[in-house]
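Heads up, the thing below is written out as structure tokens.
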Amino acid sequence: MTAPASELADRLTLASVRLTRWLRAADAAARLSGPQASALAVVVHSGRVRMSDLARLEEVSRPTITRLAGELEAGGLIERQADPMDGRVVWLVPTRQGRRLLAEGQSRRIAPLTAAIEGLSAEARADLLAGLTVTEALLKG
């Protein structure tokens, strides 16, 4: 018998929160706040993003994203570039240092998870893969 959808949703949410906290705790060397790291990740993965789009993606106000972008820019992690086609548009782009910092943090966070997964049996790893496949499909929604 399968569990009710509401129970599965509750367990998935709780597991996601716990996983995020566990990974964050594994990155004791992080020099960015959570909001800074999140905004930098969006800029790095986007390649470039407008301030208003970053605010929308991060679900924060324009003044908040302006402050965060200013902090990242002051740290040499992103830079602003004028759009050559439209002078009103300013793009936020990652610097080499910003890309490197994000990659280093990702490596620190996934190391303990990788070690834990390596300790799983082949059957448990197959189950994990199946669960991830379903989760990824749900998120594509």
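A few points about this structure:
- The residues of the stretch 72-126 that are closer than 30 Å to Ser52 by Cβ, of a type in the set (Lys, Arg) and under 15 Å from the mean Cα position of the chain (by Cα), listed by number, are Arg99, Arg100, Arg109.
- Hits in the stretch 57-71 - residues which are outside any helix (DSSP H, G or I) and either among the charged types (D, E, K, R) or farther than 19 Å from Pro35 by Cβ (or both): Glu59
- In the stretch 26-53, residue farthest from the chain's Cα centre (by Cα) [restricted to those that are hydrophobic (A, V, I, L, M, F, W, C) and over 15 Å from Glu104 (Cα atoms)]: Met51
- Complete set of residues in the stretch 96-122 that are surrounded by 12 or more Cβ atoms within 10 Å (Cβ to Cβ), over 15 Å from Ala37 (Cβ atoms) and not hydrophobic (A, V, I, L, M, F, W, C): Pro112
- Cross-chain or 6+ apart pairs with Cβ under 6 Å, the stretch 37-56 first and assigned to a helix (DSSP H, G or I), then acidic (Asp, Glu): Ala39/Glu58
- Residues being at pLDDT below 95, surrounded by fewer than 12 Cβ atoms within 10 Å (Cβ to Cβ), outside any strand (DSSP E or B) and not charged (D, E, K, R) - total across the stretch 72-95: 3
- Each residue in the stretch 10-36 was checked for being aromatic (Phe, Trp, Tyr) and without any contact (Cβ under 8 Å) to a residue 60 or more places away in the chain, and 0 of them qualify.
- Here Ala30 meets the list (1) surrounded by 14 or more Cβ atoms within 10 Å (Cβ to Cβ); (2) at pLDDT 95 or above; (3) of a type outside the set (Asp, Glu) almost entirely, failing just condition (2).
The values are calculated or read from the model by the stated rules, or taken from the named source; none is laboratory data. Not measured: the values here are computed from a predicted model. Positions of Cβ are generated from backbone atoms using ideal geometry, with glycine treated the same way; all protein chains shown enter the neighbour counts.
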